[in-house]
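Report on the following structure.
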Amino acid sequence: MDDYRESEGFVFTWMSKNQMEIEEHHLFVISCFVASLIGILTIFYTAWRWRRNINLSWMKAIARSKRNPKAMNKIPQVPHTWSMESVTRGRNLSCCVCLESISPSQTLGPMVASDSYIHHCSICGAAAHLDCSAGAQKDCKCVSMFGCGQVLHQWAVQWTEETDRPDESSFCSYCEEPYTGSFLEGSPIWCCLWCQRLVHIDCHSSMINETGDVCDLGPFKRLVLSPLYVKQLKRTSSGGFLSSITAGANEVASSVRATIRNQSKKHRHGSETFADTGNGSNMSDMSGESAADGSHECITSRMEDYSNSPEGNQRQNGEASKMEKIPSFNRSSSINQKDSIDSVGMRQTYELVDLPPEARPLLVFINKKSGAQQGDLLRQRLNVLLNPVQVCELSSTEGPEVGLYLFRKTRHFRVLVCGGDGTVGWVLDAIDKQNFISPPPVAILPAGTGNDLARVLLWGAGLGLLERRAGLYSLLHDIEHAAVTVLDRWKVLISNQQGKPLQSPKFMNNYLGVGCDAKVALEIHNLREENPEKFYNQFMNKVLYAREGAKSIMDRTFADLPWQVRVEVDGVEIEVPEDAEGVLVANIGSYMGGVDLWHNEDDSYDDFDPQSMHDRMLEVVSISGMWHLGKLQVGLSRARRLAQGRSIKIQLFAGFPVQVDGEPWFQQPCTLNISHHGQAFMLKRAAEEPLGHAAAIVADVLDNAETNHVINALQKRSLLQEMALRLS
């Protein structure tokens, strides 16, 4: 028994020792693994720091080599255009002076002003600390090289992210190697500010020796406004200042005189102010057409431009008496129209001279207050891809007239509108007033909420689709290969029962609504005016639209609309259904973000023709409340067709909300007369193969034929209109 116990104790002792040895072995293995991992990470970190130091050394060498770019590259020195931004928007950027990272400070204490803000160049995208920006080199994009023989590459460090560059262009243009390099061999990259080509620093000298340093402006050279043809105007400060004072004083004096006359007539004639001030519909038309031409010259013309802008058209007058008492047109605007145009020319900084006939430069208008509110970012990205001179920002004090005046001598150019449907209408109105012999076609970058016209022209429903197509690079490609089509434009005259105008005429491109749909648009407009911070992107705008619409689903506010509204189409009265709470007049096949009101494929109506945006015909439909409108949005119902015609007359016997292209107001009893105003040239994205590309080629052939005097502008317009009808 004792022997058994001794053997058992021996086995237990041996197993205990063996278990300890196993644990020690495991601990040794784990320790070795951790030590190896730490060693590997240390090696990688050391290599990363080494490569970063090499890159910094390269970049500092670049900075030293560019001390005198005028002597090296014969390119004028151009300072950066700094704008102050929050440091949170400078993530992943480096200061172009000290080359340190511009990242939000992680300190626990309060941030000082120099730490919470940075300077960001709105032209080339470079960033700098506030205390470093004064020492930045003057190597920004040179917009004018007038007098030079050819455009030279303007090489700069790639400061911004490659948002708008396709994958195939992320290679050195000389050695065709990826510009990122290997892990240990980091060679900094230069990017040309004009053609967007990339080149390694160590490849640059070899490329110059073999191919020279001449830039061809890249794949979009026809759209880019070459700096060779941009002349900077040299105006004497005293003369320009005195002239502007004189012009402004004349405008203000005219405005004061007109106001005094109107006030005196108002006291003498009371309710007959319209007869004395308006002097008929002709005066209203003339003043309305001349209002925008002086939008940025004096106080009076700025107010008139605001009334013609999308913000001004949105302005609804809840106080009906105020709307009836105050006329919206001014006699002095037509008197001083020529002076205003001259003042626009006096404010020009650049002039376009002797553009080649094959050039098709792109004029861009950006409304940063549109639904998506990404105007600042879009402008900076477009400044990188194009000449900053051809990118204009719209505001209540500066309308499209400034950019159109710059391009007034350019025979063939294209227009890109970055905004919503209201912004597109604003630009089309301005183009009408310029009386171009060959009006430029207009493309749309949908940055609004509904973007109905952009949907019809196949430019998409919003900015999200653009980002999925390789950004603005793909947009410029689509614009260059887009087909030219035409869009009917309609004039809406608002008059009282005696036929006297109540306000300046409005112009309709998409649709006009009376009743429940205009009520929702009006409520959204009022909410936007009170809380603009809530409308920060397209998705939230649609959510707010849905919320306001849901509030009115059970509310039959316009149940009496069939008895308070009279509709005439081509002189024939149309019966409004008894369940109707809204009447819509449509010119295009998209409403409220993509709803098709007419449904051309519907065969149940044999008496109507298919809808088209260039057949000089309008379609009239009715909707029976907000519930019906909601079902239209999800495709569970259809609007009721009422009529088609070339002239629409709507009489309102009570006050109703009215909206034109999404711009609402509250209208007291009146008569709405809708008549054909003209046709505008638009660019339609060539998405259909091969028909779309064929139409784009034909439009380009017609432009060349006009340039070579084979056909004139009138013949080209007729051929384009016929082509649009045939291809629709």
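Each reported figure results from applying straightforward, stated rules to the coordinates on display, with no laboratory input. All of these numbers come straight from a predicted model, not from anything done at the bench. Neighbour counts are summed over all protein chains in view; Cβ atoms, including those assigned to glycine, are modelled from backbone coordinates with ideal geometry.
Listing for the model above:
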quantity	calculated
Added length on full extension, which subtracts the Cα-Cα distance from 0.36 nm per residue, Leu377 to Glu578	67.4 nm
Packing-based order for 143-155, 563-575, using average beta carbon neighbours within 10 Å, highest first	143-155, 563-575
Cβ-Cβ FRET estimate between Lys500 and Val701, R0 fixed at 45 Å, reported to 0.05	0.35
Efficiency of FRET between Ile711 and Ser116 - r from beta-carbon atoms, R0 51 angstrom, step 0.05	0.25
In sequence order, calculated HN-Hα J values of segment 435-450 (Karplus, 6.51, -1.76, 1.60; Hz; x Gly/Pro)	6, 5, 5, 10, x, x, x, 10, 9, 10, 9, x, 10, x, 9, x
Exceeding the 20 Å Cα-Cα cut-off - candidates Lys409/Lys433; Lys491/Lys649; Lys369/Lys409	Lys369/Lys409
